[in-house]
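Structure, as structure tokens:
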Amino acid sequence: MRAGDAERQQVADQLRAALELGRLDLTEYDERLSRTYAAKTFGDLDGLLDDLPDTMPPTAGAQLMVPIRNDALVPGPDGRFPNATARWLSHTWDSYFATVTIVVAIWAVICLMTAQWLYFWPAWVAGPWGAVLLVSTIGGLASGEPQKWAADRARQEQRKRNKRAAEDAENEDD
């Protein structure tokens with residue numbers, strides 16, 4: 001079966017982790033990495049990780065047949081999700097900024113329509129909500145919430161991909 005970019009990248013990430021842990025020297029890493037990126041089938045990838053502990057060879061499963069979006073949460077070789085903090089912060093604060101933008105725009109339109117500066121009432125929306133979000137953000141960052149959120153989100157995405165793959169397989173059978 002043909003290997004794709006995702007499987008080659010999975011092997012390359014594990015080889016990089018082995019290099020960083022001192023399990024491979026630079027020459028052997030370079031040789032294995034070259035073979036990894038030249039691999040066309042899963043058979044070509046066999047043996048590249050066999051002698052390395054804590055590695056997992058790529059498998060041709062249903063989840064690999066379903067394309068993974070570029071913005072999908074995928075854990076790195078250490079099990080942590082890269083960019084989880086930035087994505088969690090964005091998820092946490094996006095609705096706040098959107099709402100504040102809308103209420104300030106409404107206030108500005110009213111000021112333009114009446115041709116006078118009115119009391120800045122959007123502060124009553126932005127202030128308390130922003131304070132609550134700030135406290136919850138600091139608490140979340142201190143407790144590792146971004147990684148927990150990313151892991152939960154990745155599980156949800158994986159369930160959706162599996163469900164889609166099962167539905168596609170069912171449709172092909174019909």
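The values are calculated or read from the model by the stated rules, or taken from the named source; none is laboratory data. Here the structure is a predicted model, which is why all the values come from computation and not from measurement. Glycine also receives a Cβ, built like all others from the backbone with ideal geometry; neighbour counts cover every protein chain displayed.
When Ala131, Ala151, Ala115 are checked against the criterion of being touching a residue at least 60 places away in the same chain (Cβ under 8 Å) and of a type in the set (Gly, Ala, Ser), Ala151 stands alone in meeting it. Considering segment 5-54, the qualifying helices (runs of 4 or more DSSP H), each wholly inside and each with 2 or more residues that are exposed (fewer than 15 other Cβ atoms within 10 Å of the Cβ), run over 5-20, 26-38. Within the span defined as segment 94-111, every residue fails to be at pLDDT 90 or above and not in a helix (DSSP H, G or I). Given the condition over 17 Å from the mean Cα position of the chain (by Cα), of a type in the set (S, T, N, Q) and in a helix (DSSP H, G or I), answer yes or no: does some residue in segment 138-161 qualify? No, every residue in segment 138-161 fails to be over 17 Å from the mean Cα position of the chain (by Cα), of a type in the set (S, T, N, Q) and in a helix (DSSP H, G or I). If you check Glu145 against the conditions, is it modelled with pLDDT under 90 and either at positive phi or not hydrophobic (A, V, I, L, M, F, W, C) (or both)? Judged against the criteria, Glu145 is not a match.
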